[in-house]
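The values are calculated or read from the model by the stated rules, or taken from the named source; none is laboratory data. Because the structure is a prediction, the values reported are computed rather than measured. A quick note on method: Cβ atoms are made from the backbone with ideal geometry, for glycine too, and the neighbour counts reach across all protein chains shown.
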Amino acid sequence: LIKLEHFHGIEIDEWPVRIAEVAMWLTQHQMNREFARQFGREPDLLPLKSAAHIINGNALVLDWGEVLGRTEEMAALYLLGNPPFVGKNFRSTAQNAEMMQLFKQVKNYKSLDYVTCWFYKAAQFMQQHPAHTAFVATNSITQGEQVAPLWGTLLALGMQINFAHRTFAWQSEARGKAAVHVVIVGFSPSKLSEENKSQCRLFEYPDIKGEPMEIAATNINPYLADAPNILIENRTEPLCNVSIMVYGNKPVDGGHLLLSPQEKADLLQKQPQAEKWLRPLLGAEEFINGKERWCLWLVGISPAELRAMPEVVKRVEGVKQMRLASLKEATKKRAAMPHLFGENRHPKENYILVPCVSSERREYVPIGFLDSNTISTNRNLMIPNAGLYEFGILESKIHMIWLSAICGRLESRYNYSAKLVYNNFPWPEPNAKQKIAVEQAAQAILDIRTPYLATNNSFADLYDPLTMPAKLRKAHQKLDTTVDSCYRKEKFKTDAERLSLLFERYRQLKAG
């Protein structure tokens, strides 16, 4: 019989300790009623002498073994919790100090969310006290840059994921609180899992606000996929033989080289000869939402030409003063050439543009071809001299599944990374016929989009799930099927199958 004294807890604030104690008594009462419903009588637990052992203290400082007592006498031990969600940019000084002390043997811990402290401390605890652990956490611990430092450490400590609920919306009962996207991860020492013949259980949420669907799994990896325990880390070059992806151009100008349509018109009224030095400018916001913006692109301008345009000189002087006032030494050095963007990576040829940030609501990240006359900012990524085949693969569903699993998030939006997502993507090896089919399907998408974009429709309009034109969706589905066939002949039944194949192909390519 499980009794209240079998429960132990740690809570940092005193008042919640008292609430938890009362809540445990109420829960016991509810369980007694359920016991009576099934067995015809309630267990005799009166008078109420037993109580849960809940301590007012800091769980990251206290010794969990001392809190629990003699764990060797326990038939089974389970660690459960809903640790605080605090992103790396929002930690307090005290929380940073706690992480520094706890993760002193771990590299790159500063990129981790505060919630990971409980995962690491539980893994350390389970080295001496075999147990099963399950925590609720923000889904960021299974995405992007956090996966390798956290799960690389936990796997090295012999941990194995036994069950997991993939991303779902955690609704707060507090007034005015928005839902956060979370996961639940259950893990234990691999030896304990083998002894208990534990089976992996993976739960997927087709609707993140709905009910889960269980997926059969042989192994749950740190990305919560049924795949080998692979850790994706930043690469400086692509895994496959494909074109290089680079960031767009970074102005570092204090806004002096950038112009709105009205500012452009005002400048040309005063300085008509500046027109040859003005270029269309696209950040992710402008590209996706169809907004107009311009920049002064003064690459190759002679001193005489620049001095002949006093209004432009004023803007260049503004850039110089902004850079000189910077606390960064590299920015100060760029004041020597104030007429140029701080970082110029602009290609001479046409290129594919991929916005760095895109809404998670979209089934596809909008990408497009741009000519070399259009300047992209560092809010986008560029693939110079890329063709229809590259466009088709990157705009496909299977690439979106990879992106969703591997990328970091800005809030809940996709945050595309060249080093993490693109450079690690396991491209297929199509034959000539398959490659042509991908190119044709890609061209069909471009042909459908062109008249819409020419009539004041933006990518945001075209790729909103509610307003996406039916023929564009159909063209994307045709591309998806075509790209899928480049990976295998059999049709995929689920996205989970696609992701498992991608991880396996990544493993094979990495092994050489």
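So the values come out like this:
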quantity: First in the range 378-392 and free of Cβ contacts under 8 Å to residues at least 60 places away in the same chain, second anywhere and crowded, with 22+ Cβ neighbours inside 10 Å and part of a helix (DSSP H, G or I), Cβ under 8 Å, 6 or more apart; calculated: Leu388/Val438; Leu388/Ala442; Tyr389/Val438; Tyr389/Ala442; Phe391/Ala442
quantity: Leading residue by the ranking (farthest from Gln508 (Cα to Cα)) among those in the range 427-439 that are in contact (Cβ under 8 Å) with a residue 40 or more places away in the chain and of a type outside the set (Gly, Ala, Ser); calculated: Glu439
quantity: Selected residue (only one of Ala123, Ala134, Ala148 is over 18 Å from Phe85 (Cα atoms) and either part of a loop (DSSP other than H, G, I, E, B) or modelled with pLDDT of 95 or more (or both)); calculated: Ala123
quantity: Hits in the range 132-146 (condition: within 12 Å of Tyr114 (Cβ to Cβ), within 11 Å of the chain's Cα centre (by Cα) and small (Gly, Ala, Ser)); calculated: Ser140
quantity: Test: residue in the range 164-173 that is touching an Asp or Glu at 6+ places or on another chain (Cβ under 8 Å), surrounded by 13 or more Cβ atoms within 10 Å (Cβ to Cβ) and either farther than 22 Å from Gly408 by Cβ or of a type outside the set (Phe, Trp, Tyr) (or both); calculated: yes
quantity: Verdict on Leu306 being outside any loop (DSSP other than H, G, I, E, B), out of contact with any Pro (no Cβ under 6 Å at 6 or more places or on another chain), at pLDDT 95 or above and within 22 Å of Leu446 (Cβ to Cβ); calculated: no
quantity: Residue satisfying all of: in the range 412-451; of a type in the set (Asp, Glu) and assigned to a helix (DSSP H, G or I); farthest from Asp113 (Cα to Cα) among these; calculated: Asp447
quantity: Residue list for the range 79-113, filter: under 20 Å from Gly186 (Cβ atoms) and either touching a Lys or Arg at 6+ places or on another chain (Cβ under 8 Å) or in a helix (DSSP H, G or I) (or both); calculated: Leu112, Asp113
quantity: Pair list, Cβ under 8 Å, 6 or more apart: the range 280-300 residue in a loop (DSSP other than H, G, I, E, B), other residue modelled with pLDDT under 95; calculated: Gly290/Asn456
quantity: The one condition in (1) of a type outside the set (D, E, K, R); (2) without any contact (Cβ under 8 Å) to a residue 12 or more places away in the chain; (3) in contact with a helix residue (DSSP H, G or I) (Cβ under 7 Å, 6 or more places away or on another chain) that Asn241 fails to fulfil; calculated: (3)
quantity: Boolean, Phe90 is closer than 20 Å to Tyr120 by Cβ, in contact with a Leu (Cβ under 9 Å, 6 or more places away or on another chain) and either surrounded by 10 or more Cβ atoms within 10 Å (Cβ to Cβ) or modelled with pLDDT under 85 (or both); calculated: no
quantity: Asp371, sole failed condition from (1) touching a Gly at 6+ places or on another chain (Cβ under 9 Å); (2) of a type in the set (D, E, K, R); (3) without any contact (Cβ under 8 Å) to a residue 24 or more places away in the chain; calculated: (1)
quantity: Evaluation of Arg409 against (1) of a type outside the set (Phe, Trp, Tyr); (2) over 22 Å from Leu479 (Cα atoms); (3) outside any strand (DSSP E or B); (4) modelled with pLDDT under 95 (one fails), failing number; calculated: (3)
quantity: Failed item, numbered, when Trp277 is tested on (1) over 26 Å from the mean Cα position of the chain (by Cα); (2) surrounded by fewer than 19 Cβ atoms within 10 Å (Cβ to Cβ); (3) more than 30 Å from Leu462 (Cβ to Cβ); calculated: (2)
quantity: Selection within the range 172-191 - over 22 Å from Ile406 (Cα atoms) and at pLDDT 75 or above; calculated: Ser188, Pro189, Ser190, Lys191
quantity: Of all residues in the range 100-112 being within 22 Å of the chain's Cα centre (by Cα) and either in contact (Cβ under 8 Å) with a residue 40 or more places away in the chain or crowded, with 22+ Cβ neighbours inside 10 Å (or both), the one that is nearest to Ile141 (Cα to Cα); calculated: Leu112
quantity: All positions within the range 240-255 that are of a type in the set (A, V, I, L, M, F, W, C), touching a Leu at 6+ places or on another chain (Cβ under 9 Å) and closer than 26 Å to Arg334 by Cα; calculated: Met245, Val246
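Here is a yes/no grid of residues against (1) farther than 29 Å from Lys276 by Cβ; (2) assigned by TED's automatic domain parsing to the domain that holds Ile288:
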{"residue": "Arg323", "(1), (2)": "no, yes"}
{"residue": "Arg334", "(1), (2)": "no, yes"}
{"residue": "Met337", "(1), (2)": "no, yes"}
{"residue": "Ser358", "(1), (2)": "yes, no"}
{"residue": "Phe369", "(1), (2)": "no, no"}
